[in-house]
Structure formats: C-alpha cells, structure tokens
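Quick notes on the structure that follows.
The values are calculated or read from the model by the stated rules, or taken from the named source; none is laboratory data. These numbers come from a predicted model, not from an experiment. When we count neighbours, we look across all protein chains shown, and the Cβ atoms used for this are built from the backbone with ideal geometry, even at glycine. In case anyone asks, the SASA skips ligands and DNA or RNA and just uses the protein heavy atoms, side chains included. Shrake-Rupley method; radii C 1.70, N 1.55, O 1.52, S 1.80 Å.
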Amino acid sequence: MSKKRSRFLGLKLLLVASLVLSLLTGCGIGSPNVKETYPLESVNRDGNATSYVYRAADKTVPEVAKELTDEKKPDQISPEDADRMFLVYGNEWYHLQKDTAKPSDTLIEIDSKQYVQRNYDSSFLQGYLTAALIGQLFDSFGGGSYRGYTSRDIYQPKQGTYHTPTTNDKKVAPPLTVDKKGSIFRRGKNSDTNTSVGSGGSIFDRKKDTKTPSRGSISRGGSSGSSIFDAPKRSYTKPKTRVGSGKITRRR
C-alpha cells in the first residue's frame with residue numbers, strides 16, 4: 001500500500017472516530033432528545049409558538065434536570081429546586097415542574113422562544129433566569145401572565161389552549177415509551193407474549209403461562225421417554241410395481 005493511500009485511509013478513520021465520539025458525548029447541535037424518552041401528554045400550538053408537555057413518571061425535578069444536562073449541556077440553567085427548574089437550549093426553553101396532581105412525577109414543558117415571549121410573565125422568569133436573557137426576549141410591552149403548565153388554569157396563556165395530542169401533533173413530536181429497549185408487550189387470550197427487539201434487529205418471542213400448545217407442535221402418545229426422533233410405528237407395505245409392455249432387443 002502506498003504512503004499516500006495509507007495516509008488517506010488514516011484520515012478517513014480519524015473523521016469517522018470523531019463523528020462517533022461527538023454522537024456519544026452529546027456534542028452535536030440541538031437539545032436533549034426528550035421525544036425518545038418520555039411520552040407526550042399535552043400540546044399547545046399557535047403558529048411558531050409551540051408548547052409540548054411530556055411526563056417523567058416517578059422522577060423528581062432535579063433528577064430530570066440532571067438527566068437532561070448530562071445528555072446535553074444547556075446554554076443556561078436555573079438553580080436546583082424541587083418544584084421548578086428552567087433549562088434553555090437555544091430557541092427551546094425547558095420548564096421542569098413537579099406535577100401538583102401527582103407529586104411523584106415531573107412534567108417537562110418544552111416551549112419555543114416565541115411561545116415564551118408571547119405568553120410568559122417576564123417578572124416570574126426573573127426569579128429563575130438572568131436578567132440579560134430575559135431582557136433580550138421581552139420588550140416593555142411583551143409577555144403575558146402565564147407561569148407554566150401546572151398553573152395554566154390560573155395563569156392562562158394568551159394564545160391557544162392545551163389539548164390531548166392529535167395525530168398531526170404526534171407526527172411533529174411523536175410520543176415514545178420510556179423503555180428504550182424497544183420491548184412490546186401483547187396480551188393474548190391464554191398467554192402473554194413478550195417481543196423484544198435486540199440491537200441487531202432480530203426479534204425473540206417468549207410465551208408465559210401458555211395453557212394450550214402452540215400451533216405446529218408435534219405430539220404423539222406413548223411412554224414418557226418417547227421422542228419425536230423415534231421411528232414411526234406403522235406397518236410396512238411393499239410398494240406396487242408396474243410391468244411395462246416394451247421389448248428389449250440386442251444388437252448383434
């Protein structure tokens with residue numbers, strides 16, 4: 001192999017390694033992939049002003065904040081708090097709130113910059129984020145009285161209302177299961193089937209508490225020591241032969 005070709009191959013390997021490393025360390029552009037971690041619960045869309053609410057079951061606000069910041073470092077984060085925290089990723093504002101109806105869960109509200117600008121109470125945000133960031137977002141006439149999804153009935157947004165995700169909403173922000181293993185549980189009439197997709201893409205089926213034999217199974221009466229590989233017990237009949245009417249001649 002020539003030196004030039006060897007050098008080119010080494011450069012390609014280096015670029016591939018750098019790309020893989022950036023993906024593993026979360027150094028890519030964007031924000032944490034919440035869509036692939038938590039189910040979507042509620043949506044408020046009005047043009048480019050959007051608000052998506054996801055549910056993190058049995059997790060506290062600081063736990064969710066740590067999980068997100070470990071995946072992707074935010075541009076700005078509010079001080080740790082058990083009830084409410086803010087994480088800012090570019091044009092996306094993550095508002096983490098303890099669910100007042102179910103305190104064991106955390107609601108992750110992802111608001112676009114336009115949604116925050118049009119609906120939030122700027123004085124409310126001053127208790128969590130820097131004045132410089134808030135000053136860049138709001139002018140003297142901007143903002144509303146909104147303070148987050150958990151208090152939406154008291155401090156309502158100025159535009160749009162929250163609703164259960166529609167088919168179109170799910171296409172934009174599809175809700176996915178928290179279990180990243182890709183397990184699918186189906187419950188049949190007499191058995192439970194657990195289908196898991198492995199990393200290689202193969203599918204393995206396990207049946208639990210099956211009361212009836214599976215279709216296509218081979219069964220035969222007899223002693224307990226019998227096997228499906230034993231010779232079948234059947235009478236042997238000599239195959240019939242047919243005599244042809246042709247003649248055989250010999251060459252001289």
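Below are the figures for this structure:
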item: Any hit, region 69-76, residues being over 21 Å from the mean Cα position of the chain (by Cα), over 25 Å from TYR162 (Cα atoms) and open to solvent by 70 Å² or more (accessible area, probe 1.4 Å); result: yes
item: Pairs where the first residue, in region 60-87, is closer than 21 Å to LYS113 by Cα and the second is open to solvent by 60 Å² or more (accessible area, probe 1.4 Å), C-beta under 6 Å, 6+ apart; result: SER78/TYR128; PHE86/TYR128; LEU87/ILE77
item: Unique residue being basic (Lys, Arg), open to solvent by less than 60 Å² (accessible area, probe 1.4 Å) and either modelled with pLDDT of 70 or more or out of contact with any Gly (no Cβ under 9 Å at 6 or more places or on another chain) (or both) when the list is ARG7, ARG84; result: ARG84
item: Hits in region 68-92 (condition: out of contact with any Pro (no Cβ under 9 Å at 6 or more places or on another chain), farther than 17 Å from ARG147 by Cβ and among the basic types (Lys, Arg)); result: LYS73
item: Members of region 57-68 that are open to solvent by less than 30 Å² (accessible area, probe 1.4 Å) and modelled with pLDDT under 95; result: LEU68
item: Verdict on THR100 being open to solvent by 10 Å² or more (accessible area, probe 1.4 Å) and β-branched (Val, Ile, Thr); result: yes
item: Count of residues meeting criterion [closer than 19 Å to ASP83 by Cα and of a type in the set (Val, Ile, Thr)] in region 131-156; result: 2
item: Some residue of region 124-142 being assigned to a loop (DSSP other than H, G, I, E, B), of a type in the set (Phe, Trp, Tyr) and open to solvent by less than 30 Å² (accessible area, probe 1.4 Å); result: yes
item: Any chance ASP121 is among the acidic types (Asp, Glu), open to solvent by 10 Å² or more (accessible area, probe 1.4 Å) and closer than 23 Å to THR161 by Cβ; result: yes
